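Values in this text are rule-based calculations from the coordinates and carry no lab data. Please read all numbers here as calculations on a predicted model, not as lab measurements. Counting neighbours? That spans all protein chains shown, and the Cβs are built from the backbone with ideal geometry, glycine included.
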Number of protein chains: 4
Amino acid sequence: MQRFNLGARLQYRTFEPATFVFNIAVAENDHQKVVSEDIRLLPELDFEQHVYEPGDSRYLRVNVPTAGSFEIDYRATVESTPYYSTAPVIAEVPHAVMPLDVLTYLYPSRYCESDRLMRLAELQFGYLLPGYSRVQGICNWIYDNVVYLSGSTSSGTSAFNTVTERAGVCRDFAHLGIAFCRALGVPARFVTGYVVGLNPPDFHAAFEVYLEDRWYLFDATRLVSLDQFIRVGTGHDAADVSFATIFGPVEMTWMELFINGEADSDTDMATTAISTIAI
Amino acid sequence: MQRFNLGARLQYRTFEPATFVFNIAVAENDHQKVVSEDIRLLPELDFEQHVYEPGDSRYLRVNVPTAGSFEIDYRATVESTPYYSTAPVIAEVPHAVMPLDVLTYLYPSRYCESDRLMRLAELQFGYLLPGYSRVQGICNWIYDNVVYLSGSTSSGTSAFNTVTERAGVCRDFAHLGIAFCRALGVPARFVTGYVVGLNPPDFHAAFEVYLEDRWYLFDATRLVSLDQFIRVGTGHDAADVSFATIFGPVEMTWMELFINGEADSDTDMATTAISTIAI
Amino acid sequence: MQRFNLGARLQYRTFEPATFVFNIAVAENDHQKVVSEDIRLLPELDFEQHVYEPGDSRYLRVNVPTAGSFEIDYRATVESTPYYSTAPVIAEVPHAVMPLDVLTYLYPSRYCESDRLMRLAELQFGYLLPGYSRVQGICNWIYDNVVYLSGSTSSGTSAFNTVTERAGVCRDFAHLGIAFCRALGVPARFVTGYVVGLNPPDFHAAFEVYLEDRWYLFDATRLVSLDQFIRVGTGHDAADVSFATIFGPVEMTWMELFINGEADSDTDMATTAISTIAI
Amino acid sequence: MQRFNLGARLQYRTFEPATFVFNIAVAENDHQKVVSEDIRLLPELDFEQHVYEPGDSRYLRVNVPTAGSFEIDYRATVESTPYYSTAPVIAEVPHAVMPLDVLTYLYPSRYCESDRLMRLAELQFGYLLPGYSRVQGICNWIYDNVVYLSGSTSSGTSAFNTVTERAGVCRDFAHLGIAFCRALGVPARFVTGYVVGLNPPDFHAAFEVYLEDRWYLFDATRLVSLDQFIRVGTGHDAADVSFATIFGPVEMTWMELFINGEADSDTDMATTAISTIAI
């Protein structure tokens, strides 16, 4: 178990009444416990919360009634107990017995057009032993073949673009990983969260793959250690879990994140090379 | 209330063990009651059912253990009681109070890239009075500007293609309608079903839009009468509700549908021009 | 006849030996006479010139042998005598008698995918009387339906994008006009040049359409008066006539254009509304 | 020198007056001599010929004045004397001295979006020794990574599609080869022709690359022997050299090609492995 203090402060200028749906609060599940949490709005406004089931993403809706400035300040203390597998092999689940509620994570989505990558995925990764190590192979290929380049992509960039244009940011790396997995018949989905080690601190994106009996976390960027990753949003791709969906003319004026991990003395997992993890 | 006898018979040749997930069984809800149903597999095999929540789509999984021929024969008798609104005006729901569980139907999906149609939708439909009549305006525009042409598109065709290439089938008409609605901030989703009036009988696709307090059905093809439409699948777009998802090398050898409606004497709704309907 | 003083100054930092091919010198033809011209390179280097036939674009090649700074300063005095048609009607040329050397301007190109706009063009403009006025109709549609927005597009943006995304700059407006014309079977090509009236001064792009017996100039942006346009490059689309094609790692450090027109007393054409022009 | 008898017979039904521009006649140049040629039209009609300079493609225009059936029957005897290089190394031409009239073959075109393949080409082939052998490396990669599959692509398919979708026909193989070369700064263009060895006989597409002092022929399909290839069209990509461009509603009713090579006793080149050739 490891404890993290984290938070995000977002400021906006509104020009008329506007509705915000934030997806910045930490999800709660067996591996993440929110010890304490504070959500402050400036001006003081009510907000409403909706839990979006896959991964228990939390949508917070705020209606800002007037033009002016608006701020949301989120802080939380979280205890994280990732599941570490020590199994030598983690297999794919045959479609014959795969839980039917993960089926939609096999289907193509806006930013992960797996249907267009079938032959490529088969050719590139079809010969690899199915399972955890094949997904690692996919991550290695992405890391080796796509340049991490801030500003190289836009909100319209999809896996079909990235696989050829070969540049992107964490979101693009995750989309490509997801698209390859789905093209191979392996369920995969998009995860956002707070993570230790980014400079400057920012929301990070990674992806999860359903193997054996749970979702395993992967990150082709190699920018961070995944045992320091605290889940916020879970969805088919970035379309589902934007950190802020905004209705109305609005300008972002400030954005700031922080996360500090306090290593727990009971474990030194965080300091070892971690490759098999689920959160 | 109207009663329908309907069914589908699908035959395949399998070349090795294969897994099928069918989405051909009628969904049950307040407006559709399955009076009787018969699902026969040839050879006799077990199947497993999973209800996919939006619209209560029913996924049927069958594992065919050997090479050979395989058939599924689905028959049902269904009582349909569509909701007909008589309201003179059906409004859009402000984002400030929209149920948060319809939010994901605002997001772009594989075949409905609403994020790329924002300016076009605003320019073309932004000046129309929001609500039911605006969605009708979108349907009219699609009907007037897109040619219904069998074989003109493929499983990879999306709304972004159709809006320029101007040809497609029911699935493409629905995708474009959905994409326009989402681009205008109105939740929309994809519906498949059995419908009276297609020649030859085939699965039909239409779309639903969330207005006021429920999902309303629309169909830009003008091929059928929507009160004769029996819902099977509901999803973000066609990716979610393919009538058959198949794992393994398989060849379809036969496909046949039928649907017969028996008009109930209590109502002559079916014979009047119906434009406002939810199923 | 009108006389223009114009020029461009471009500065670069080179990091190793580099080759530049500039397309910034005024083309000479029956309607444009270069009275005097001065091309200065700093450091003093040789350059080589190649005339690229369609429109007599002039490619200037300079080999910069070392890392350092490099500048090209182009100045010219040009006499322009546009052809003004006073014909009440300017017809399209039947394909049966169209000069065969304009045929390639009917074919789709990188940024003008006319093959994908066939149905749309037919639907939108097919009912208009063929000829000059139909091309004006195309320009009007573009002006009315596409937002001129600096920075909204990139060097990868094509007519297929713009027709849906509905924002762009002069180059995108020209590409869309060309694509529509070709989709209707009318030869069209891309023109770049100096033009009075842009603020800040910049290279402008417009398009030409082959009608009756010559190429007529069109500009859907309505930003400038076309009788103040001095032709530099002519090609199938922007790919052919980039103002600078650069081989080697180079950084642009400065770019500056100017153009001043001296109205000739013999004509007041420039002050009247001009809509029918060929240069 | 080798002699070929070849021909094509194309039949159409016209529904109203129509204009055809054929690109089926053999090009004449230093390596190909048309010994005799016969072009028959049924009904007997005049035709007009235009030589399109790159590669001296010959456009034949026929105006069919009425509805009915129409046939063109082209036959020729051709002497082919390919240039075989025996040089151990064939280098790329530095941009500093490259003939400026090949420059446009560096630019992206409709079906060869080299601008979008820059990073991929650099990553995949940038480490190879520039020159003939690198283009061979590109051909090998295409052969190894793209499936030759009749009917898998359409007239809208481009290199950007093929590089990910990994299936295509000769035209797609050529487009991808061209796009990779251009992305690496090497001029490349599209060639169509008659070729011995296809079953059934059909027009073939390959590509040429400008190296050292001439255009060298390449074919990533490995379907035929390039010394049995007789050039018809040469262009930026398939858009320039369609075997028939048709204006008017027309239906093709028959198409038939043949080519027979008579090996000349003076040379046994044709029977050896040929890899370095220009026609």
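Remarks
- Check: chain C dipole with +1 on Lys, Arg Cβ and -1 on Asp, Glu Cβ, in debye: 680 debye
- Gyration tensor (alpha-carbon) shape descriptor, segment D:149-279, a/c threshold 1.5: oblate
- Structure-based [θ]222 nm, the protein assembly as shown - -39500 (n - 2.57) summed over DSSP H runs of at least 4, per residue, nearest 500: -4500 deg cm²/dmol
- Phi to ³J(HN,Hα) by Karplus 6.51 cos²θ - 1.76 cosθ + 1.60 over segment C:60-70, Hz, x for Gly, Pro: 10, 9, 10, 9, 8, x, 9, 5, x, 10, 9
- Where Rh is the Kirkwood radius over Cα pairs, Rg/Rh for segment C:3-55: 0.99
- Based on C-alpha pairs under 8 angstrom that are at least 6 apart in sequence, chain D has a relative contact order of 29 percent.
- The residue of chain C whose Cβ sits closest to the rotation axis that maps C onto A, together with that distance in whole Å, is C:Ser154, 4.
- Beta bridges by DSSP in segment A:84-240, antiparallel share as percent, to the nearest 5: 90 percent
- Backbone phi angles across segment D:150-166, fed through the Karplus curve with coefficients 6.51, -1.76 and 1.60 (θ = phi - 60°), yield HN-Hα couplings of 4, x, 7, 10, 10, 5, x, 6, 10, 4, 5, 5, 5, 4, 9, 7, 6 Hz in residue order; Gly and Pro are listed as x.
- With label points set 7 Å from Cα along Cα→Cβ, the inter-copy distances at C:Thr253 are 3.9, 7.1, 7.6 nm, sorted shortest first.
- Hydrodynamic radius of chain B per Kirkwood, over alpha carbon pairs, in Å: 19.4 Å
- Kirkwood hydrodynamic radius of the protein assembly as shown, from the reciprocal of the average inverse Cα-Cα distance over all distinct pairs: 32.6 Å.
- ³J(HN,Hα) computed for each position of segment D:36-45 - Karplus, 6.51 cos²θ - 1.76 cosθ + 1.60, integer Hz, glycine/proline x: 8, 7, 9, 10, 10, 10, 9, x, 5, 9
- √(5λ) per eigenvalue of the Cα gyration tensor, segment C:1-119, largest first, Å: 36, 22, 12
- Kirkwood radius and radius of gyration were both taken over the C-alpha atoms of segment A:58-98, and their ratio Rg/Rh is 1.31.
- This model, with +1 at the C-beta of Lys and Arg and -1 at the C-beta of Asp and Glu, gives the protein assembly as shown a dipole about its Cα centre of some 0 debye.
- Neighbour counting of Cβ atoms within 10 Å sorts the residues C:Ile277, D:Ile246, C:Ile230, fewest neighbours leading, into D:Ile246, C:Ile277, C:Ile230.
- Copy-to-copy label distances for D:Val147, where each label lies 7 Å from Cα along Cα-to-Cβ, are 3.1, 3.3, 4.3 nm in order of increasing length.
- Förster radius 30 Å - calculated FRET efficiency between B:Thr253 and D:Glu251, Cβ distance, rounded to 0.05: 0.45
- Relative contact order (percent, whole number), segment A:93-165, Cα cutoff 8 Å, 6+ residue spacing: 43 percent
- Calculated from the alpha-carbon coordinates, segment A:84-240 shows an Rg and a Dmax of 14.4, 45 Å respectively.
- For B:Leu42, A:Leu6, C:Leu223, the sequence from fewest to most other C-beta atoms within 10 Å is B:Leu42, C:Leu223, A:Leu6.
- A simple charge model with +1 on the Cβ of Lys and Arg, -1 on the Cβ of Asp and Glu and nothing else charged puts the dipole of segment B:84-240 at about 160 debye relative to its Cα centre.
- A dipole drawn for chain A from +1 and -1 charges on Cβ atoms has a positive end, and of A:Val147, A:Ser109, A:Ala278 the residue lying farthest that way is A:Val147.
- Under the combined filter of DSSP loop state and at most 10 neighbouring Cβ atoms within 10 Å, segment D:127-172 retains these chymotrypsin sites (Phe, Trp or Tyr not before Pro): D:Tyr127.
- Cα-Cα P(r), segment D:136-209, percent of pairs per 5 Å interval: 3, 17, 27, 27, 19, 6, 1, 0
- Remark on B:Ile90: its backbone amide H falls under 5 Å from those of B:Tyr132, B:Ser133, a criterion applied only to residues 5 or more positions apart or on other chains, H modelled at 1.01 Å from N.
- Taking the number of Cβ atoms within 10 Å of each Cβ as an exposure proxy, the fewest-first ranking of B:Val196, C:Val78, B:Val35 is B:Val35, B:Val196, C:Val78.
- Copies compared at D:Gly68 - label distances in nm, ascending, label defined 7 Å from Cα in the Cβ direction: 6.2, 7.4, 8.4
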